[in-house]
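Input: a single structure, listed below in structure tokens.
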């Protein structure tokens, strides 16, 4: 039954907090109800099942990427990639979800549709427009996985190897220059994004 003070948005807020803290695997309707102080059955008035919660989290992530597909397409596509990366770094627990779950809600599809229409207006076919969108999204997710993600089930020390500078001089020079630092992640992201956007074009 409906409960005063509860809403779809409040439930998704709680789901995001749970995922941020404990990961997607810990999310269940029972656990979510406990977080909100209600029985799991109460949640079904607002969201029919766990899939709807997961879809809502995907939609919310995309909605938070406030980029309008207007003007030169490479400019807004770059802005999308930068904003999407920031959203994922803010909530790295969502990475497994965004990496594997397609956009399914009307709101999420609306976001993708606007971008696809703008690309079609630039000469892309409908299929290639969606290829551009998924290529960018997959690139950003992969970059953030490397930047923020750890090895599942591994809480040990830093897995980076100790390098012999005589045997691996290039790696040694890169490490000395800051490989793996926050600045390095920024530079690597920008470098790869430039290369990716430069190679995408209507066929």
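Bear in mind that the values in this text are calculations on the coordinates, not laboratory data. All of these numbers come straight from a predicted model, not from anything done at the bench. For neighbour counting, all protein chains shown are included, and Cβ atoms are generated from backbone atoms with ideal geometry for every residue, glycine included.
Miscellaneous remarks
- Using the rule -39500 (n - 2.57) for each DSSP H run of four or more residues, divided by the residues of the chain, the 222 nm mean residue ellipticity is -20500 deg cm²/dmol.
- Label point distance in nm, residue 126-residue 176, each placed 7 Å from Cα along Cα→Cβ: 5.7
- As a size descriptor, the averaged projected area of the C-alpha convex hull of the range 8-48 was calculated at 2.5 nm².
- By the Cα gyration tensor, the chain has an equivalent ellipsoid whose semi-axes, rounded to whole angstrom, run 34, 27, 12 from largest to smallest.
- Spin-label model, residue 8/residue 44: points 7 Å from Cα along the beta carbon direction are separated by 1.8 nm.
- Value of Rg to Rh for the range 57-152 (Rh from inverse mean 1/r over Cα pairs, i.e. Kirkwood): 0.96
- Distance between the modelled labels on residue 100 and residue 164, one decimal in nanometres: 4.0 nm (7 Å Cα→Cβ projection).
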